[in-house]
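Undergrad: To start, I am sharing the structure in question, which I have written as structure tokens.
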């Protein structure tokens, strides 16, 4: 599943494409898709699907997509026809009159609303499974680049594409995992009240379960697919640290196009994931120090029950400036749950927020108002709500504590806040049953008691078996070991200075060329290659419109990425020649020629074999007519 920001980028691209298109130009003319290997054998020999190219779908298409246990038809079922049925002939999709009129965002889907020729709404919910992204190609780029490259060489596969008059809106995948199911989860941005209502139902369900519930909250949110959609391995640490928005234009027309440097830009927006240090405010650092002192205070306790004390804590390490947008929401404000009703009213008045922000009329606040709970935010760190901009040059980057990485079974967790010590335990409580069973009252009956059944006859036993006699094996002699001399304990080594190391995102990008995290690093993204003057746009791998020079440069950057990693880097003429584009750069380490990855579309030119150097004897030179010299032709 893509994370929320990645799905949001695909949805926003579709909305931007819809709003920028002129009226009457979004009539669906055709549907396109890539066939699987098994489906390619069912198509006629020599057809586009059999050759591995993207092909137009017909109304008789029976292809299925999605998970193996819940697959759905790829072609819209309301417009599908049966194969070889004279009463139900194939009808092109253009005659259905489908016109794209609306795009809605969703944590897991991109929802497209069409109107057919009878003004009936038709919804297409494209579920964004793993490695799925939306792109809007122009007809020229689609016909001259994507349609002419085999799916094995293209770098991505077309899950489903809608052809319009001037553009093709395509959903690109890495492994053809795409599915159009119904959407049922509310969007936290578009339908915040419904999101809070579902959140209360999820909390109520978890509180009634007979589970331990002693794990960390990050894992509970990440593994919950009912309400927290799009919260993945790198979004979870950021949610626990900050909340914000980031936007920058990476569009060439309606196609998202990035360079190698652009792929790393998203890591700059992350504060915790993949970072050696995280920049925090002075207030955040003070609360973090108080938490560490609280851990040291209870370090000698045999068992420490984590019950918050109003003076000693532990308190939540929290910076309100990072979620300023959420704290300024009127009517549906959650500040009362965070700071308490009295302190939140004081903070709102001090920050100049409207009176509507003090309101706590929302489903989540109403649910917790019936429970006995305390406030776990230290008031000494929240004297003011938002950090004054004139206090420091960069108030949110005053300190930079180390980021800690915790290895878990399902996913790693990056966090500035240390984990609870091993001698701590959550607060014990009585867990109610979901459906408590009451004992049934005894009812007197006048009927006679039932007659007990006869016991079965005892089983017949045979004669006891004599024990089996086996030869005893001699015991092995213990090995004699020489006494080891006593060694003195090693002396503690001094701490080495911190050396900046590449983050995992930079490591994957520079040394493996694999996909990392973020909405800019997907298989369907167009690549920007530096050229002589203007950059060259590579809409797909092995684009036939791009010259062989740039295709080789792109293939060379992928082939030599692993040679630059730490511990395997090598110096010599091969790497120097590879960078300069010489003869050594056109060959691999074993002498084989470097191919651009295309199979038949762009064959690599064959270089003439180089003459091997041989050592000739002086007698051979004399027999050839020369005196001490070798003939050039020998």
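Undergrad: Test residue 309 against the criterion of being over 30 Å from residue 557 (Cα atoms), exposed (fewer than 15 other Cβ atoms within 10 Å of the Cβ) and at pLDDT 85 or above, and give yes or no.
TA: no
Residue-wise test of (1) closer than 30 Å to residue 170 by Cα; (2) in contact with a helix residue (DSSP H, G or I) (Cβ under 6 Å, 6 or more places away or on another chain); (3) touching a residue at least 12 places away in the same chain (Cβ under 8 Å); (4) in a loop (DSSP other than H, G, I, E, B).
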site	(1), (2), (3), (4)
262	yes, no, yes, no
272	no, yes, yes, yes
283	no, yes, yes, no
289	no, no, no, no
299	no, no, yes, yes
317	no, yes, yes, yes
325	no, no, yes, no
332	no, yes, yes, yes
338	no, no, yes, no
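Undergrad: Here are 360, 389: which of them is at pLDDT below 80 and loosely packed, with under 11 Cβ neighbours inside 10 Å?
TA: Within the list 360, 389, the selection yields 389.
Undergrad: Considering only residues that are at negative phi and at pLDDT 85 or above, which ones fall in the range 82-100? Give the steps one after another, and end with the answer.
TA: Of the range 82-100, the ones at negative phi are 82-83, 85-96, 98-100.
Answer for the range 82-100, where residues must be at negative phi and at pLDDT 85 or above: 91, 92, 93, 94, 95, 96, 98, 99, 100.
Undergrad: List the number of the failed condition for residue 67; all other conditions in (1) under 34 Å from the mean Cα position of the chain (by Cα); (2) modelled with pLDDT under 90; (3) within 19 Å of residue 122 (Cβ to Cβ) hold.
TA: Every listed condition holds for residue 67 apart from (3).
Undergrad: Under 7 Å by Cβ, and 6 or more places apart or on different chains, what pairs join a residue from the range 42-66 that is without any contact (Cβ under 8 Å) to a residue 12 or more places away in the chain with one that is surrounded by fewer than 17 Cβ atoms within 10 Å (Cβ to Cβ) and outside any loop (DSSP other than H, G, I, E, B)?
TA: 64/72; 64/73
The values are calculated or read from the model by the stated rules, or taken from the named source; none is laboratory data. Since we're looking at a predicted model, the values are computed, not measured. Virtual Cβ from ideal backbone geometry, glycine too; neighbours counted across all protein chains shown.
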